[in-house]
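The values are calculated or read from the model by the stated rules, or taken from the named source; none is laboratory data. As the structure is a computational prediction, the values presented were derived from the model and not from experiment. A quick note on method: Cβ atoms are made from the backbone with ideal geometry, for glycine too, and the neighbour counts reach across all protein chains shown. Remember, those area values only see protein heavy atoms, side chains included, never the ligands or the DNA or RNA. Shrake-Rupley method; radii C 1.70, N 1.55, O 1.52, S 1.80 Å.
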Amino acid sequence: MPTPFESLASLNRLIHEPARLAIVTALSACDKADFLFLLNVTGLTKGNLSSHLSKLEQGGLVEIEKRFERRLPVTYVRLTPQGREGLKQYWKRLDGVRRGAKTLKPLRST
Amino acid sequence: LYGKPVCVDPFGEQLADGGEADVTFDDARRIRFVTKRFHELQGHRTALFGGAILAGITLIHEVPLSDSGRLAQAVAFGLLVYGGAAESINRHYQSRFGNLRGRRSFPVPDPITVVMLGFALDLSLTLGGRGGPSVAAELLGVSALWIVVRDWPWRSYHLGTVVACVAAIAASAAAPAVAPAAGDVIDPQRANALLNAYFVVGMSLLVTGLVDHRLLATTLPCMEEGHADAI
């Protein structure tokens, strides 16, 4: 059985970064969301959000779809099945780390 | 509302230009909640519908119950105005908060559909000469109770609607079923009992709609407005 520290080291760092975790968490609760919604829910700037979305897309965790609605360009983002599974595994591991950390005892100082 | 952080980023990774915050378990819960309930929390539509009911009740007091033609005209006019305003509200929400498509889940009818269905059943039962509590109030009460249980503690204020609906049910149940007098479409005593129940229903929708919107605005602070396109 891995120690809490081994579990911590094996966390998916692409998901673990706070802003990207916020993005994939939001996407896990819906089918797809537009860029404006993600801006509001994460509180990121446009540049930051675009940068994180590119990294997630490169990692195969999200799909980006550009379309026109009422003659305006809209960017929709959707979690891929791989992204959904990755997030599930991430929370499972993090929960394991949390439970494992509770069993650790502080070292006695001599 | 969301408590203190319970988990911090052990890698401490930050973006170069800052503005990042650690995502706690509570943040994740908040994000999932507001994303899942995004459409339900767009409360201005519900509040408008509640306001339309209150306006309708005021209007109906001016129209004799025997004049079914004018009643139908008033209802049709109200629905047209509501339809136009609801579309503007949809666009406003889309330009302010963005848009998303929800995942397929257990369908929960929105309060507007529930109340419309209740009105139709009330009318059908009353025209059939039957009394009893207002179906609209019963359906809204059950739907509000479901919201309280499902979204506890975030939307616990819907408990107010449950209490108001119980009062409306009790008040409307007390009105006996009497056949309408010649010339009247509905017995005036029964009509008044239903209108009192609808006043409570309308007021509940107005208040909870406004509070739902406030919850959306506070959990989803508007950082940007108007453009859903990436740069």
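Residue A:84 meets each of the listed conditions (1) more than 24 Å from residue B:95 (Cβ to Cβ); (2) among the basic types (Lys, Arg); (3) away from chain B (no Cβ under 11 Å) apart from (3). Just so you know, in the stretch A:32-58 the residues that are among the charged types (D, E, K, R) and assigned to a helix (DSSP H, G or I) include one that is nearest to the other protein chains (Cβ to nearest Cβ), and it is A:46. Taken over the stretch B:115-149, the criterion of being open to solvent by less than 60 Å² (accessible area, probe 1.4 Å), farther than 22 Å from residue B:51 by Cα and not small (Gly, Ala, Ser) is satisfied by B:125, B:126, B:133, B:148.
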